[in-house]
Amino acid sequence: MPTYREAYRRSIDEPEAFWAEQARRIHWQTPFERVLDRSKPPFARWFVGGKTNLCHNAVDRHLASRAQQDALVYVSTETGIERRYTYAELHAEVNRMAAVMRSLHVKKGDRVLIYLPMIPEALFAMLACARIGAIHSVVFGGFAAPNLAARIDDAEPALIVTADAGARAGKVIDYTPLVDEALSRAEYKVPQVLLIDRQLAPERLQASYLVAYEPLREQFFDAHVPCEWLESNEPSYVLYTSGTTGRPKGVQRDVGGYAVALAASMEHIFQGAPGDTMFTASDIGWVVGHSYIIYAPLIAGLTTVMYEGTPIRPDGGIWWRLVQQYKINLMFTAPTAIRVLKKQDPALMEKYDLSSLRTLFLAGEPLDEPTAHWIQSALKKPVIDNYWQTETGWPMIAIPRGIEELPSKLGSPGVPSMGFNLTLRNEATGDACAPGEKGVVTLAYPLPPGCMQTVWRDDQRFVDTYWKSVPNQMVYSTFDWGVQDEDGYVSILGRTDDVINVAGHRLGTREIEEALSAHPAVAEVAVVGIADSVKGQAAAAFVVLRDADRINAPGAREGMEAELCHAVDSQLGAIARPARVHFVTMLPKTRSGKLLRRAIAALAEGRDPGELPTIEDPGALMQVREALGN
Ligand code: AMP
């Protein structure tokens, strides 16, 4: 076995040879002609000419050897449903869904927008798209109608798949009115909407465009839909993510590179073997859900656990109960969930037999030391932090224990993964940083397999956003600060842009500002991220009203605050709701009118804002301090 250093060097110096070997992990219907086409930087095309299919690799390929093994364990503590699906049953369900989609005229290359809660049909629908070569675009179920409308207009789907309702912490959330509102807001006219009826929302909308899934499923019960063999570089999915502008970016992924990268990551990083059980507690609306609830564990022949519910209902022992009951070997979640669990009675963990569990993986946001210490000593199992983004599709920094048992270092997710040519660079000069020196985490061309190919229908935006932000270097910017030590371990020090991370979810402060500015009472607004003991970060809004007197009457301030929070809920969804709204009469700006967000954020967190550019009106900074009560 090569050491980490040897394997990593080879993945960077001889990417063709390295990835050609990794490509053997998946089935190719037609072998590829070239491993890597680097003729058009910064675009990279992997496994050119090879034909494969994600659904075949995730499902059909296992039928010969593990048809009766569980592929999916579904648990909903919201509805009380627990169900297992073998690979054979999963295959049948995916075929039914694929046949239904085809009967609704969905073809290869069409987009299918999936707006579903955590139900098995979400997984069937994603795999059915992969099967027929349709491009899925999953929109997180917690997003509000305007958000959904923006994605409809960008993706122009031939079909939306939705459900009557989602459920969270015992509360039923009707989906169909949201879809209805999104459809009327969107300019693009979606021809049809497939409805999975969970019988949760009795007053669900009965619009004429809704097609019920269940009768069609019956009709196509014995259907067999062949896999569409796709050239490795054809798109498999588009997943939207927030950036610095109000307009979300459609991260587009390929087929072959993604399958190979995920299969490799399952061995190198997650050490998951066929027959193991993996529980990734995330949502299918996020990249972690795409990669590690669905594609990676299934491609590698594992059993995946899909969970609808919170970590603390019916009590804080629920996840540990699942570990015992389903003999879960690998678990993956975000630090926020662990901080939530830390507040629970420790006896809830001790009650269960956790001997099957080998490793807990955490990602999505910085892992703070107290949380890392607590979970490690409570579980007495390795806890592996890993760092990545929607754009990369799989961890770009981790401890590759499947290659070499490198030690973990507290405060660092680890070392660069195979193929990620990672360098910390000086923000002003673009020069590589010395060990210990803070810089922007960048990746050199080409990005390894599995990473985004481009921004959906906007190659220029891909180039301009990601490859032109570091001076004098054509490198990919992660927009994260980091520092690398002498041994190559990287620590992540927060975002370089105006993106905040709430409970492991990326939110653009600009999007929240736009939602608040849309309120007629608001003249100006600044949203910044502030430290939150559970969610990592929370949004804080500083609002200038058109008429400052309108909050003077008793109760008016609270009323206004509630109205503004409601505006964010209905524009973006409750996850984006500001934790605090402060009213000021002016915002600190430079002479040229640039908002001093970093200074506001520093004050909001009680930090020294450091050296500031000349402020137009120093009174504005005083106001921020006063509003914060410091
Ligand atoms: P998303 O694309 O929504 O998954 O968000 C990706 C962003 O989350 C990264 O750019 C980082 O800012 C942050 N992030 C993800 N994982 C980690 C981690 N392990 N440590 C620190 N920050 C992380």
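We did not get these values from a lab; they are worked out from the coordinates using the rules stated. Model, not experiment: these values are computed from the prediction. All Cβ positions, glycine included, derive from the backbone under ideal geometry; neighbour counts span all protein chains shown.
Nearest 5 is fine: what % of DSSP beta bridges in the stretch 486-630 come out antiparallel, could you say?
Details: 17 of 22 bridges.
Just about 75 percent of them are antiparallel.
Could you give me the percent of Cα pairs per 10 Å distance bin for the stretch 320-451, shortest bin first, beginning at zero and ending with the bin that holds the maximum distance?
11, 36, 32, 14, 6, 0
Work through the residues other than residue 256 whose Cβ is under 13 Å from its Cβ and net out their charges, Lys, Arg +1 and Asp, Glu -1.
Values: positive: 24, 25, 34, 45, 51, 253; negative: 33, 37, 231, 234, 254.
With Lys, Arg at +1 and Asp, Glu at -1, the net is +1.
Using a Förster distance of 56 Å, how high is the FRET efficiency between residue 192 and residue 614, based on the Cβ-Cβ distance and rounded to 0.05?
Numbers: r = 57 Å, r/R0 = 1.02.
Computed FRET efficiency for residue 192 and residue 614 comes out at 0.45.
Quick one: grab the alpha carbon gyration tensor of the stretch 492-630, order the square roots of its eigenvalues as a ≥ b ≥ c, and give me rounded if a/c is under 1.5, else prolate or oblate depending on whether a/b is larger than b/c. Provide the component values of the computation, followed by the final result.
Details: a/c = 1.57, a/b = 1.04, b/c = 1.51.
Oblate, because a/c is 1.5 or more while a/b does not exceed b/c.
Hey, could you get me the Stokes-Einstein D for the chain, Kirkwood radius over alpha-carbon pairs, 20 °C and 1.002 mPa s, rounded to whole µm² s⁻¹? Spell out each step's value before the answer.
Values: Rh = 25.3 Å.
In µm²/s, the coefficient rounds to 85.
Based on the Cβ-Cβ distance of residue 563 and residue 324, what FRET efficiency does E = 1/(1 + (r/R0)^6) give at R0 = 41 Å, to the nearest 0.05? Working shown, then result.
On the way: r = 46 Å, r/R0 = 1.13.
So the FRET efficiency works out to roughly 0.30.
Using 0.36 nm per residue, how much length does the chain from residue 429 to residue 468 gain when fully extended, once their Cα-Cα distance is taken away?
Values: separation 39, 0.36 × 39 = 14.04 nm, distance 1.30 nm.
Using 0.36 nm per residue and subtracting the Cα-Cα distance, I get 12.7 nm.
Listed highest first by mean packing, meaning other Cβ atoms within 10 Å per residue, what order do 341-348, 578-585, 87-94 come in? Working shown, then result.
Details: 341-348: 14.0, 578-585: 19.0, 87-94: 21.4.
The peptides rank, most packed first, as 87-94, 578-585, 341-348.
From the mean inverse distance of alpha carbon pairs (Kirkwood) and the Cα radius of gyration, derive Rg over Rh for the stretch 105-192. Please report the intermediate quantities before stating the final value.
Working: Rg = 12.5 Å, Rh = 13.0 Å.
That ratio is 0.96, to two decimals.
To check you understand DSSP bridge types, tell me what percent of the beta bridges within the stretch 361-513 (both residues inside) are antiparallel, rounded to 5. Before the final figure, lay out the partial values.
Working: 22 of 25 bridges.
Approximately 90 percent, going by the DSSP bridge assignments.
Could you list log10 I(q)/I(0) for the stretch 167-293 at q = 0.15, 0.23 Å⁻¹, which the Debye formula gives when each Cα is one point scatterer?
These q points yield log10 I(q)/I(0) values of -1.21, -1.31.
Based on the Cβ-Cβ distance of residue 14 and residue 68, what FRET efficiency does E = 1/(1 + (r/R0)^6) give at R0 = 45 Å, to the nearest 0.05?
Values: r = 41 Å, r/R0 = 0.90.
Between residue 14 and residue 68 the formula returns 0.65.
Looking at this model, which pairs from 249/438; 327/381; 438/468 are more than 24 angstrom apart at the alpha-carbon?
Working: 249/438 27 Å; 327/381 15 Å; 438/468 20 Å.
Result: 249/438 exceed 24 Å.
Nearest 20 debye, what's the magnitude of the dipole of the stretch 539-606 about its Cα centre given +1 on Lys and Arg Cβ and -1 on Asp and Glu Cβ? Walk me through the intermediate numbers first.
On the way: 10 positive and 7 negative charges, 98 e Å.
Computed charge dipole of the stretch 539-606: roughly 460 debye.
Taking a virtual spin label 7 Å from the Cα of residue 3 along the C-beta vector, which residues in the stretch 402-434 bring their backbone nitrogen under 20 Å of it?
402-409, 414-422
Considering only DSSP beta bridges where both residues belong to the chain, give the percentage that are antiparallel (nearest 5). Walk me through the intermediate numbers first.
Values: 57 of 97 bridges.
Among the beta bridges of the chain, antiparallel pairing accounts for roughly 60 percent.
Provide the gained length on full extension for the span residue 345 to residue 82, in nm with one decimal, where the gain is 0.36 nm per separating residue minus the Cα-Cα distance. Display every interim value, and only then the final one.
Values: separation 263, 0.36 × 263 = 94.68 nm, distance 2.50 nm.
Gain on extension, residue 345 to residue 82, equals 92.2 nm.
Debye sum, Cα scatterers, the stretch 373-528, no solvent: what log₁₀ I/I(0) at q = 0.11, 0.13, 0.16 1/Å?
Log10 of I(q)/I(0), two decimals: -0.53, -0.71, -0.99.
Where Rh is the Kirkwood radius over the Cα pairs of the stretch 488-561, the temperature 37 °C and the viscosity 0.692 mPa s, what D in µm²/s does Stokes-Einstein return?
On the way: Rh = 14.1 Å.
Rounded to a whole number, D works out at 233 µm²/s.
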